[in-house]
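Let me begin by presenting the structure, written as C-alpha cells, before commenting on it.
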Amino acid sequence: MNNAAYTLVKVVGNTDEALRLVQMARRQLPESAEILDTLGWIYLKKDMVDSASQIFEDLIQKEPSNPSFHYHYGAALAQKGDKAAAAEGTQRGARIPPW
C-alpha cells in the first residue's frame with residue numbers, strides 16, 4: 001500500500017487516493033519510517049506544509065543517517081519559504097553516504 005501510495009502521488013499526482021492508501025498502511029505499521037515519509041510527502045503535495053515538516057523533522061530525529069528524510073525536510077522548508085534552512089537541510093542530507 002505504501003509503494004502504491006508513493007507511486008500515485010509521485011507519478012499520477014492523485015494525492016487523495018495516495019493519502020487513503022498510506023493511511024491504511026499506517027494503521028498496520030504505525031511506526032514505519034517509510035510509511036511516515038510517504039505520508040509527509042503526500043502532505044507536502046497537498047500543501048499541508050506544517051504537518052509534512054513535523055513528520056520529516058521527527059524522522060530525522062529517529063534516523064539521522066537517512067538522506068531522503070533530510071531532502072524531504074528541506075523540500076518542506078523551501079515550500080514554507082525558508083530557503084536558507086532548506087538549503088542547509090538538503091546539503092546535510094547530501095553529505096550522508098548512500099546506503
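Could you tell me which label, among (1) -1.09, -1.15; (2) -0.97, -1.05; (3) -0.87, -0.95, carries the value of log10 I(q)/I(0) by the Debye sum over Cα atoms at q = 0.19, 0.20 Å⁻¹ calculated for this structure?
So the structure-derived entry is (3).
Please report how far the C-alpha centroid of region 18-48 lies from that of region 52-99, rounded to the nearest whole angstrom.
First find each Cα centre; the distance between them is then 17 Å.
How high is the FRET efficiency between residue 24 and residue 50 when r is their beta carbon distance and R₀ equals 25 Å, given to the nearest 0.05?
Result of the calculation: an efficiency of 0.60.
Once you charge only the Cβ atoms, +1 for Lys and Arg and -1 for Asp and Glu, what is the size of the charge dipole of the chain about its Cα centre, to the nearest 20 debye?
So the magnitude is around 140 debye.
Helix-only mean residue ellipticity at 222 nm, the chain, DSSP H runs n ≥ 4 weighted -39,500 (n - 2.57), per residue, nearest 500. What is it?
-23000 deg cm²/dmol
Quote the relative contact order of the chain in percent (integer), defining contacts as alpha-carbon pairs under 8 Å separated by 6+ residues.
Rounded, it is 19 percent for the chain.
If you stretched the chain out fully between residue 83 and residue 3, how much longer would it get, using 0.36 nm times the residue separation minus the C-alpha to C-alpha distance?
25.9 nm
I'd like to know which of 36, 56, 8 lies farthest towards the positive end of the charge dipole of region 2-94, counting +1 on Cβ of Lys and Arg and -1 on Cβ of Asp and Glu.
Farthest towards the positive end: 8.
Hey, with R₀ at 30 Å, roughly what FRET efficiency would residue 63 and residue 14 work out to, going by the Cβ-Cβ distance, to 0.05?
Efficiency, rounded to the nearest 0.05: 0.65.
Rule-based calculations on the coordinates, nothing more; no lab input. What you see is a predicted model, and the numbers here were worked out from it, not measured in a lab. Quick reminder, even Gly has a Cβ in these numbers, built from the backbone with ideal geometry, and neighbours come from all protein chains shown.
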